[in-house]
């Protein structure tokens with residue numbers, strides 16, 4: 001293939017991206033795939049009956065019931081079954097009459113239904129066998145970055161993988177051929193929802209990159225309509241129609257009529273309204289049983305098994321009505337906390353052990369004039385009288401309430417913690433939330449509070465609030481108040497502390513409401529917020545950026561101390577930041593090498609999830625942070641160390657470490673779907689990385705830049721840009737600002753008196 005034979009050209013030291021790879025083997029007028037009048041027989045059975053289908057470019061989904069000929073269509077394209085007549089053209093080349101190997105060499109990858117892996121080969125052996133002799137944008141390293149689970153299982157055999165892992169490997173195997181067209185037969189069949197989402201995201205990415213066209217055979221309507229603009233519907237060996245995916249996704253009746261969705265119907269025409277209504281009204285729950293022909297091992301002399309014995313041995317598999325304790329997530333009802341437009345304060349905790357204390361807090365908040373609800377997180381199963389009882393929360397566990405109300409206290413508490421987080425994250429109308437308890441109660445409510453948006457008042461009165469609270473607060477804005485005495489009974493101390501906590505939360509809620517009213521009156525006066533990351537050694541760069549953008553944006557600067565990056569990403573997830581200039585990515589160094597300011601494994605995750613345009617750089621990737629000089633681990637004693645101040649010691653990253661850092665960052669950039677501009681400052685990544693400065697190391701910087709460029713799959717939307725400047729040079733910060741404006745658009749300016757002016 002032309003694409004596979006191309007090599008990257010050397011890059012000059014200028015602000016331009018790598019040349020995008022092009023495939024010149026395809027003419028601009030030829031569709032990626034064109035099927036005309038295709039007929040396929042299995043003996044006397046006419047499987048494909050004059051199929052006409054065109055995939056011009058991008059992604060096309062084909063849906064239909066079982067037995068409609070979808071898999072036969074895939075096999076015919078790949079030359080695995082003979083066709084009696086018709087035409088199959090790929091980029092203008094006729095495929096009929098060619099053998100499967102020749103078709104694959106033309107540039108068509110195939111992900112068959114059932115995966116078809118070798119049980120005796122490991123994941124790594126599968127991939128290396130396909131990758132041998134192939135060069136192109138897809139490599140084994142890129143596969144491992146796209147499917148991290150395969151990297152973890154690289155030494156496991158094909159027979160040791162789960163269904164989802166097998167499907168990842170089958171897709172990866174096809175991609176390693178660097179195809180121009182990818183044919184996928186039921187890629188999400190039998191997969192867990194989380195794996196289905198990963199496959200869907202990958203198909204989205206392939207469609208947006210435009211380097212591979214995809215024909216997807218799929219029964220999951222949600223996936224089929226999400227990944228393609230057009231969906232072809234196959235009925236009885238023919239393409240019945242081609243329809244906009246949005247129209248099919250929104251038309252439930254059409255899905256039921258053509259595909260049997262929901263009713264598993266087999267009629268191509270809908271029932272009359274009266275008959276359909278009668279049929280729906282007549283539907284009743286029924287019991288489905290699985291029978292075993294012989295409950296005991298038969299012998300030559302066995303007598304027929306009586307029906308009575310078969311009935312007693314039958315296993316009921318249909319869902320049966322159950323009490324509230326048996327609620328499943330599907331049946332869990334999300335009841336509104338307040339009327340539309342209103343909000344309430346939540347008081348959460350284990351009412352079976354902290355009932356008097358939590359009710360005291362509720363009463364104080366109620367006296368302050370705020371609507372309030374008690375949320376019971378008890379796992380004992382006892383009735384508490386709370387407005388939101390424990391079984392209502394427990395129903396949101398992935399396994400339903402049975403995942404919470406267990407005989408083991410540890411698993412019960414963990415289950416309620418998860419259920420409460422899932423329940424609270426789905427709620428609207430939360431004005432604020434307060435809880436009180438010891439270490440167990442604090443750990444139970446903190447994850448749910450962290451899931452709430454920044455700005456929603458949240459407070460915990462806790463016995464552990466005077467120690468290290470980072471494990472509870474994380475990157476959120478939870479306020480923790482030390483209880484002084486144990487939260488066990490009401491006394492002169494606990495009443496004062498709990499009252500102060502309740503009044504503090506009430507004040508926050510009232511203040512937030514007043515702010516919302518004034519903000520509504522001054523609608524349009526506030527500027528959108530953007531996040532910037534800074535370290536002491538990148539301060540000049542960030543200051544120059546804020547000077548340039550402060551009239552257009554509310555610039556929020558986060559110190560890159562591990563928790564700083566997490567806080568910025570929390571705001572991105574919450575929708576409170578509308579853009580990001582990630583100058584200082586140094587937290588990745590501490591995470592990979594072992595410093596004291598490490599990022600989490602989810603660094604860049606919020607940008608990926610929200611599909612936010614991203615401008616970033618290599619700020620301070622030349623250093624790992626430690627405490628005082630004496631605190632540096634012994635294994636780093638011979639390294640290039642710099643005493644930043646008596647309490648902070650910096651260690652220069654080596655070329656080997658920079659390579660690992662560059663690959664890690666590059667893998668995350670590959671997962672970003674929105675526009676990306678990532679800058680490489682060839683003049684140094686920090687104030688200490690200049691000629692004559694202690695961390696100036698061109699070899700290490702080159703290793704970092706080369707690793708990023710080698711890892712990132714560049715497209716017109718995703719660009720790596722080199723500049724011959726230090727990160728703190730005015731020219732470098734100006735380039736970051738220009739890139740930010742390019743991918744985010746111009747904003748109205750704010751004049752010095754606070755009014756809005758024209759754009760710039």
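Annotations
- Using R0 = 22 Å, the C-beta based FRET efficiency linking residue 515 and residue 576 works out to 0.95.
- The stretch 329-520: translational diffusion in µm²/s, Stokes-Einstein, Kirkwood Rh over Cα pairs, 10 °C, 1.306 mPa s: 96 µm²/s
- Between the stretch 544-580 and the stretch 77-136, the Cα center-to-center distance that results, in Å: 47 Å
- Note on 88, 581: ascending count of other Cβ atoms within 10 Å places them as 88, 581, the fewest first.
- Extension reserve of the residue 645-residue 141 stretch, reckoned as 0.36 nm per residue once the Cα distance is removed: 177.5 nm
- Contour minus Cα-Cα distance for residue 353 and residue 466 (0.36 nm per residue): 38.5 nm
- Antiparallel DSSP beta bridges within the stretch 384-502, as percent of all bridges there, nearest 5: 0 percent
- At an R0 of 45 angstrom, the distance between the Cβ atoms of residue 690 and residue 611 translates into a FRET efficiency of 0.80.
- Taking the number of Cβ atoms within 10 Å of each Cβ as an exposure proxy, the fewest-first ranking of 546, 350 is 546, 350.
- In plain terms, the chain from residue 550 to residue 596 could stretch by 13.4 nm, reckoned as 0.36 nm per residue minus the Cα-Cα distance.
- Percent of C-alpha pairs per 5 Å bin in the stretch 585-648, short distances first: 4, 16, 22, 23, 13, 10, 6, 6, 1.
- Annotation for residue 402 and residue 484: the two label points, set 7 Å from Cα along the Cα-Cβ direction, are 4.8 nm apart.
- Label point distance in nm, residue 628-residue 342, each placed 7 Å from Cα along Cα→Cβ: 5.8 nm
- Antiparallel DSSP beta bridges within the stretch 529-759, as percent of all bridges there, nearest 5: 30 percent
- Residues in the stretch 538-560 that a label on residue 734 would reach, taking backbone N under 13 Å of a point 7 Å out along Cα→Cβ: 545, 548
- Modelled FRET efficiency - R0 45 Å, residue 66 with residue 201, Cβ distances, 0.05 increments: 0.95
- In terms of other Cβ atoms within 10 Å, 128, 354 run from fewest to most in the order 128, 354.
- Highest to lowest packing among 452-462, 600-610, scored as the average C-beta count within 10 Å: 452-462, 600-610
Rule-based calculations on the coordinates, nothing more; no lab input. Quick caveat, the model's predicted, so the values are computed rather than measured. Note that each Cβ is placed from the backbone with ideal geometry, even for glycine, and that neighbours are counted across all protein chains shown.
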